[in-house]
Each structure stands twice: as structure tokens, then as C-alpha cells.
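Engineer: Dropping a structure here in C-alpha cells format, bear with me for questions.
No value in this document is a laboratory result; all are computed from the given coordinates. The structure presented is a predicted model; accordingly, all values stated were derived computationally and were not measured. Here the Cβ positions follow ideal geometry from the backbone for every residue, glycine too, while neighbour counts run over all protein chains shown.
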Amino acid sequence: MTIDIQFDQDHVWHPYTSTLDPLPCYPVTRADGVHLTLEDGRRLIDGMSSWWSAIHGYNHPRLNQAAAAQMERMSHVMFGGITHKPAVELCRKLVAMTPEPLQKVFLADSGSVSVEVALKMALQYWAAKGERRAKFLTLRHGYHGDTFAAMSVTDPENSMHSLYKGFLPEHLFADSPEGGFSDPWDPADFDDFRLMFVANRHQLAAVILEPIVQGAGGMRFYHPEFLRQVRALCDEHGVLLICDEIATGFGRTGKLFACEHADISPDILCLGKALTGGYLTLAATLTSKHVADTVCSGEAGCFMHGPTFMGNPLACAVANASLDLINEGHWQGQVAAIEAQLAERLPPLAALPVVKSVRWLGAIGVVETHEPVNVAEIQRAFVEQGVWIRPFGRLVYIMPPYIIAPAQLDQVVRAMAFGLRQTPA
Ligand SMILES: *Cc1c(COP(=O)(O)O)cnc(C)c1O
């Protein structure tokens, strides 16, 4: 029983791929711990956690057990008018883990949907207050998802806003900070944001941004002071702050949530990706009692959203098991160890001619090249070295499962060096 690669190429769409020139995909038959097993039996160390999600590693006994036990009872029931223990327990955990003001949880089915939900909450909040506010201020190089509203606040160039002009709402993009996470804070880094905010403050429904780490829009790490100043400005003018922690949540940056680096709380928080430890698609949008109650005091009398698979019990059960693992706290030592190893092993890569810069934070390592890399070619080199890394553009980056062992992480960094050395300058 082999995977029909030809059928895949002829009929199956993969993320951001062309039907005219589909690149071949690597057939994976199983995944255990930090390893992906290819159909030919080769085992690759996973540097991507399947896009930030498989933080505890694959085929985890506790997550398996949670899924199997829940499946015996019920995989899904509608959430309209019905509730169940997996969802209630999950929301209890999320309320307990997140900053104190966040008390109301909306379970969504993917990260993009949780962003749509956050934006709709902000719009309904202002409508209920009798103000027409429909503009969002965000940062360049951001990424918030692929659905329309999420895309409208994602970096205009990265998400090709021009393609959808006339259909996509036009929001406001401030320069994202130039200074890195641990560079000295340069107050000028906040100037563009402040100017745009103040000029548009009466139209702004909310600011939406990824705290500290901008993910798919550029893998940039910025200074916590920027986030503190955003919070202060929002407070001063009563504008809502939406933090998208879909990528950064659950320990990835070295704090449970990236907002903690700046010691702030958003009014609305989006979570996803690692929520189920990478098992199933599930996301959540949390907000304060004040925002939720204001939303529901408006003309509609409720929050206007309700996906078919909302609160899916199977996904909630696995998320509960994943959050139990998080709450046991091993992630802290694991992420700190990964960070220390990246701090030691990444800087030498900066000497390679193709490399522009390297950076790391928590369990995230980034090598930025001068020119976009040839993904198919460099990926072949990584696979040859027994490692799975999927670069995009000028970014060769890793965010491995937290359980990766030092020798395995060494192999991942060596494979990065190997692939980059083979890349023509
Ligand atoms: C991945 C991501 C999303 C979108 O989540 P999906 O589950 O792919 O819809 C939104 N925001 C951020 C910061 C992300 O990293």
C-alpha cells in the first residue's frame, strides 16, 4: 500500500502550491516523538512541529489515550444548546492559564476563524456602544491567517492584497519595530505606530498584532517595550487590543504566553496551533467580561458566530490532555534548554556567505538569507541529513517539538548549515 504520489500531484492541492508546476511532496507514513517516518523507511527529525503545533511530539501516549477515550463516548455533538465536559474543562483551563481579565471563551475551529471571531467581537463591541468603528490598526510583516478578514490585517505584500483589491477591507499598517527583542529600546521604533494610531483613533475598533514574535510574515522578534506602549495607547484611547498568540502561545517563546514578556494583557486573545498538541484543529478566542457583555448588549443581543464543529469534543479532549502536560511544567526547562543551545549553535551560521543574520527566542531559531532559497533544493539537502525543515522565502527557521534531545537539535542545526553551505550565494 504505497502513497500514490502521481495522484497527489495530479489532483491534490497542498498549501500555496501550483497545479501547473506541483513540487513533489515527501510521503510520510507515521510520526513518533520528534520523528517523521518516510515511506521508504527513513526517519527525519522534525524541526517544524508541524507548523508550531506538535509541541509534545507525535504519537504521544497521553494524547492518544485522551482521543481514544473520548471517541468511545462521542466524537462530536453540536454545541448549540448542548454542552459537554471536554469543552467545559478546556475553557476552565484556558481561563485559569491566561491573564485574569480574560474570562469568556469562544471555541473556534482554526486559527484564522479565531481571528475572524476576534475582529467580529471588536466590531460588535463598538456597534453596541453606538459608534461606527470599522478600522483595524496592525503591523507590517504580520500574519493572521488566510481567510478574508484575517488576510486584510496580514502584511499587504505577503498576502498579495492587490490580488483581492476591491473585495478586501482596507486597514491600517504601521511599521513594525526595527529593533530586536534584546536590542536596546529605541523610542523612535514606536513613532510610526503612534502617529497612525493618533491620526485614526476615532475610527479604530482595535489594534491587532502578534505579541513579540511575528511569525509567518517574517519571523521577527521585537522589543517588549513596543508592546507595552501599544497597550498604554490603547488604554488611553479606549481602543481594544487583540493579541494573536496562535503561534506564540503555550510556551514557545519561553513564557507561557508572549504577552508576559511585556507583562500586559490583551482585551481579546487568539489561541490555536499548539492547543491540541498538534492532533486536531481547534482554536479559541478569549475576551473580558466587559467586552463580552458589551457585545451582547447590542442590537443583535448575542455574538453572531457559531461554527458547525464548534467545541468539537474530540479536539477539546485532546486539548485538555495537552494543557495538562503544559501545566505539569516540563516545557519551561525544555524550552530554556533549546534556547540555550540555539544561542550557542546558531551564531556560527552567520559566517556563511548566504546568511544575512541569525536570531533565536525560546524554542524558535531563524536563519535569514540574503536571497530567497530554492525550497525544493535546500529541502532535499535537509532530508539527506535526516531532518525536516520547511523554509519560506529568505527564512530557514525551526521551532522543534519541546521534547527534542540536545543531540537531535544538534543534528537539526548541522543540517541547516549543510543545506545553507550548498545554497549558491
Ligand atoms: C497560523 C496562524 C494563524 C492562522 O491559523 P490557521 O489555523 O492556519 O487558520 C493566525 N495567526 C497566526 C499568528 C498564525 O501563526
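Engineer: Once label points are set 7 Å from the Cα along Cα→Cβ at both Lys85 and Glu344, what is their separation, rounded to one decimal in nm?
Structural biologist: Between Lys85 and Glu344, the label points sit 4.5 nm apart.
Engineer: Could I ask something else about it? Can you find, among Pro424, Phe173, Met78, the residue farthest towards the positive end of the dipole of the chain? Put +1 on the C-beta of Lys and Arg, -1 on that of Asp and Glu.
Structural biologist: Met78
Engineer: Specify the residue with the greatest mean-square fluctuation among Ala66, Ala300, Ala149, computed from a Gaussian network of the chain linking alpha-carbon atoms under 10 Å apart.
Structural biologist: Comparing Ala66, Ala300, Ala149 in a Gaussian network model of the chain, the most mobile one is Ala300.
Engineer: With 19 Å as the limit, write out which pairs from Lys135/Lys165; Lys93/Lys129; Lys129/Lys289; Lys93/Lys255; Lys120/Lys273; Lys93/Lys273 have Cα-Cα distances beyond it, or answer none. Each step should come with its number before you reach the end.
Structural biologist: Numbers: Lys135/Lys165 16 Å; Lys93/Lys129 31 Å; Lys129/Lys289 15 Å; Lys93/Lys255 17 Å; Lys120/Lys273 21 Å; Lys93/Lys273 17 Å.
Going by Cα-Cα distance, Lys93/Lys129; Lys120/Lys273 fall outside the 19 Å limit.
Engineer: Provide the per-residue ³J(HN,Hα) series for segment 106-121, in order, calculated from phi with Karplus coefficients 6.51, -1.76, 1.60 and θ = phi - 60°, each as a whole number of Hz, with x at glycine and proline positions.
Structural biologist: With the stated coefficients, segment 106-121 comes to 10, 8, 10, 9, 7, x, 4, 5, 5, 6, 4, 4, 4, 5, 5, 4 Hz.
Engineer: With r as the distance between the Cβ atoms of Asp183 and His370 and R0 = 22 Å, compute the FRET efficiency 1/(1 + (r/R0)^6) and round to 0.05. Intermediate values should be presented prior to the final figure.
Structural biologist: On the way: r = 21 Å, r/R0 = 0.95.
E between His370 and Asp183, to the nearest 0.05, is 0.60.
Engineer: Anyone know which of Leu107, Leu209, Leu349 comes out most mobile in the 10 Å Cα GNM of the chain?
Structural biologist: Taking springs between Cα atoms under 10 Å, the residue moving most is Leu349.
Engineer: Quick check: residue separation of Tyr16 and Glu131 times 0.36 nm, minus the Cα distance between them. What number comes out in nm? If you can, show how the numbers build up before the last one.
Structural biologist: Values: separation 115, 0.36 × 115 = 41.40 nm, distance 3.85 nm.
Gain in length upon complete extension: 37.6 nm.
Engineer: Distance between Cα centroids, segment 333-374 to segment 103-145: provide it in whole Å.
Structural biologist: Each part's Cα centre sits 33 Å from the other's.
Engineer: Would you calculate the separation in nanometres between label points at Phe7 and Val95, each defined as 7 Å from the Cα along the Cα-to-beta-carbon direction?
Structural biologist: Distance between label points: 4.7 nm.
Engineer: Please turn the phi angles of segment 89-99 into ³J(HN,Hα) values with the Karplus equation 6.51 cos²θ - 1.76 cosθ + 1.60 (θ = phi - 60°), one per residue in order, whole Hz, x for glycine and proline.
Structural biologist: Values per residue, Gly and Pro as x: 5, 5, 5, 4, 5, 5, 4, 5, 7, 8, x Hz.
Engineer: Taking only the Cα atoms of segment 74-328, how large is their convex hull per residue, in Å³?
Structural biologist: Details: hull volume 31.3 nm³, N = 255.
Spelled out: Cα convex hull of segment 74-328, divided by residues, is 123 Å³.
Engineer: May I pose another question? Using the Karplus curve 6.51 cos²θ - 1.76 cosθ + 1.60 with θ = phi - 60°, what ³J(HN,Hα) values do you get for each residue of segment 220-234, in whole Hz, with x for Gly and Pro?
Structural biologist: For segment 220-234, the Karplus-derived couplings read 10, 10, 10, 6, x, 4, 4, 5, 4, 5, 4, 4, 5, 5, 4 Hz, x marking Gly and Pro.
Engineer: While we're on this one: Any chance you could run the full-extension gain for Glu72 through Phe418? It's 0.36 nm times the residue separation minus the Cα-Cα distance, nm to one decimal.
Structural biologist: Numbers: separation 346, 0.36 × 346 = 124.56 nm, distance 4.68 nm.
Using 0.36 nm per residue and subtracting the Cα-Cα distance, I get 119.9 nm.
Engineer: Next question, about the same structure. State, to one decimal in nm, how far the label point of Glu157 lies from the label point of Asp192, with both points 7 Å from Cα in the Cβ direction.
Structural biologist: Reported label-point gap for Glu157 and Asp192 is 1.0 nm.
Engineer: Which value in deg cm²/dmol, rounded to the nearest 500, describes the helix-derived mean residue ellipticity at 222 nm for the chain, given -39,500 (n - 2.57) per DSSP H run of n ≥ 4 and division by the residue count? Write down the numbers at each step before the final one.
Structural biologist: Values: 13 runs with 150 residues, N = 425.
Calculated at 222 nm, the ellipticity per residue is -11000 deg cm²/dmol.
Engineer: Excluding Gly180 itself, what net charge comes from residues whose Cβ is under 14 Å from its Cβ, given Lys and Arg +1 and Asp and Glu -1? Intermediate results must be reported in sequence, preceding the final value.
Structural biologist: Details: positive: Arg220, Lys356, Arg359; negative: Glu178, Asp183, Asp186, Asp189, Glu225, Glu368.
Taking every other residue near Gly180 into account, the sum is -3.
Engineer: May I pose another question? Which value, in debye to the nearest 20, describes the size of the charge dipole of the chain about its Cα centre when Lys and Arg Cβ atoms bear +1, Asp and Glu Cβ atoms bear -1, and nothing else is charged? Could you put the intermediate results ahead of the total?
Structural biologist: Values: 33 positive and 45 negative charges, 109 e Å.
It works out to roughly 520 debye.
Engineer: Using a 7 Å offset from Cα along Cα-Cβ at Asp293, what residues in segment 94-126 end up with backbone N under 13 Å from the label point?
Structural biologist: Residues passing the 13 Å test: 103-104.
Engineer: Could you work out the local net charge near Val354, counting Lys and Arg as +1, Asp and Glu as -1, over the other residues with Cβ closer than 9 Å to its Cβ?
Structural biologist: Working: positive: Lys356, Arg421; negative: Glu371.
The answer is +1.
Engineer: Extension gain Met304-Arg380, at 0.36 nm per residue separation less the Cα-Cα distance, in nm?
Structural biologist: Details: separation 76, 0.36 × 76 = 27.36 nm, distance 4.66 nm.
Length difference between fully extended and current span is 22.7 nm.
Engineer: So if I place +1 on the C-beta of Lys and Arg and -1 on the C-beta of Asp and Glu, and nothing else carries charge, what would the dipole magnitude of segment 107-197 be about its Cα centre? I want it in debye, nearest 20.
Structural biologist: Numbers: 8 positive and 14 negative charges, 136 e Å.
Computed about the Cα centre, the dipole is about 660 debye.
Engineer: Still on this model: Please list 322-331, 278-287 highest first by mean number of surrounding beta-carbon atoms within 10 Å per residue.
Structural biologist: On the way: 322-331: 17.4, 278-287: 24.8.
Highest to lowest by the protection proxy: 278-287, 322-331.
Engineer: Counting just the Cα atoms, what span does segment 161-279 cover along each of its three principal axes? Round to the nearest Å and put the largest first.
Structural biologist: The Cα atoms of segment 161-279 stretch 40, 38, 26 Å along the principal axes, largest first.
Engineer: While we're here: Counting DSSP beta bridges in the chain, what percent are antiparallel, to the nearest 5? Walk me through the intermediate numbers first.
Structural biologist: Working: 32 of 47 bridges.
If we restrict to bridges inside the chain, about 70 percent are antiparallel.
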